[in-house]
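One structure is given here, and the rest of the page talks about it.
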């Protein structure tokens, strides 16, 4: 922004006043109106939505277990539902925000949901998110998987929140990934029915196409072929830690979802048991025995969720939001803020990219400098 642009933006922000109530839907409509009418159009566009309350205009939600699920799509403008060009990254602040609504808004638009437990984490959470948005290097990515051998069929594809599609009698599949930040990776668990064979067999062809955000040109990567050997004698077998790690991530996310469903029905002890059983199976996995970093992070995360489900009050105050932020992170394979999860010393930052870390460090430096300046300003001057 130019200096005059910054000044105008600050004046606009400072002119805002509170008149009571929370109107998330109108806030989003205003945001998308600004985006739709902007003069300069960048290749990448996102909205960051922060709320510390529950929408009191569109519908009323108590935040507790409800007999019927509110229609959270009513909070999102119709222009967003029909377009994937703008994602909403939502941030729920404090104990009174509607985490279910904020998570739903992010999911619908292709964004992430972060849980901000204390004011001190707020700036860092925004910085981490912005660090990713400013580093988008791939747009509209689509992965294609095609069966080669006539006996091969694709089983359901585990792609988290990314839309997938099976066609041609389960012999062709697609995963619609969308945008990628610099240095991001995506892992998807694709299961196949492998036919009997006595020689090396070509199973799949994997293709990828995406749009370069700068040139706007479509880029097609070389097609990769997946083959399986069929020797007469197998002397030893070494399972893949990479596959085991991905299976652990998928199963951990499923346990989080199941535990949340049980907690919403009021069965907190069942929810804790679900998480405990998943921790046990994770500890017995090949990746865990190899001290895999992601497995350690998953175990710490599941344990934290158990603690936040110790009582109904604890779950209402922070447990639901913590679980939903974890689900958002693992379903999109993208970093979200959860309590101290932006802290580099925490194990709950598996998806952070170098751009996120750099912006996070800049935020922390500014905060430290600001605190030091305030501290010096309040010291008594010597006479």
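If you fit an axis through the alpha-carbon atoms of helix 119-133 and take the longest principal axis of the Cα set of the chain, what angle between them do you get, 0 to 90°, nearest 10?
50
Would you mind checking the tilt of helix 293-307 against the longest principal axis of the Cα atoms of the chain, expressed as 0 to 90 degrees and rounded to 10?
Between the helix axis and the principal axis of the chain, the angle is about 60 degrees.
Roughly how many Å is it from the Cα centre of the range 112-135 to that of the range 189-209, as a whole number?
Taking the Cα centre of the range 189-209 as reference, the centre of the range 112-135 is 40 Å away.
Using the per-residue mean of other Cβ atoms lying within 10 Å as a proxy for protection, in what order, highest first, do the peptides 255-268, 221-234, 27-40 fall? If you can, show how the numbers build up before the last one.
Working: 255-268: 18.5, 221-234: 10.2, 27-40: 12.4.
So the order, starting with the most tightly packed, is 255-268, 27-40, 221-234.
What per residue convex hull volume, in Å³, do the alpha-carbon atoms of the chain yield?
Normalising the Cα hull of the chain by residue number yields 201 Å³.
Please list the equivalent ellipsoid semi-axes of the range 194-324, computed as the square roots of five times the alpha-carbon gyration tensor eigenvalues, in descending order and whole angstrom.
38, 24, 13
With 10 angstrom as the radius, rank 219, 76 by how many other C-beta atoms surround their C-beta, starting from the fewest. Display every interim value, and only then the final one.
On the way: 219 12, 76 19.
Ranked by crowding around the Cβ, least crowded first: 219, 76.
Could you tell me how many cubic angstrom of Cα convex hull volume the range 43-177 has per residue?
It is 153 Å³ per residue.
Could you tell me what a quarter of the Cα convex hull surface of the range 136-228 works out to, in nm² with one decimal place?
If I average the Cα hull's projected area over directions, I get 6.5 nm².
Kindly express, to the nearest 10 degrees and within the range 0 to 90, the angle between helix 320-332's C-alpha long axis and the longest C-alpha principal axis of the chain.
On a 0 to 90 degree scale, this one is about 50.
How high is the relative contact order of the chain? Use alpha-carbon pairs under 8 Å, at least six apart in sequence, and give a whole percent. All intermediate terms of the calculation are to be shown ahead of the outcome.
Values: 609 pairs, mean separation 63.7, N = 383.
Once divided by the residue count of the chain, the mean separation gives 17 percent.
How big is the range 89-153 by the Kirkwood estimate over distinct Cα pairs, in Å?
Result for the range 89-153, one decimal place: 14.6 Å.
Let me have the 222 nm mean residue ellipticity of the chain computed from DSSP H runs of 4+ only, each contributing -39500 (n - 2.57), with the sum over all residues rounded to the nearest 500.
-13000 deg cm²/dmol
When the C-alpha atoms of the range 1-61 are aligned to their principal axes, what extent does each axis show, in angstrom, from largest down?
Answer, in whole Å and largest first: 41, 26, 17 Å.
Read-outs throughout are calculated quantities, based only on the coordinates presented, and are distinct from any laboratory measurement. The model shown is predicted, which means the values in this text are computed figures rather than measured ones. Neighbour counts run over all protein chains shown; Cβ positions are idealised from the backbone, glycine included.
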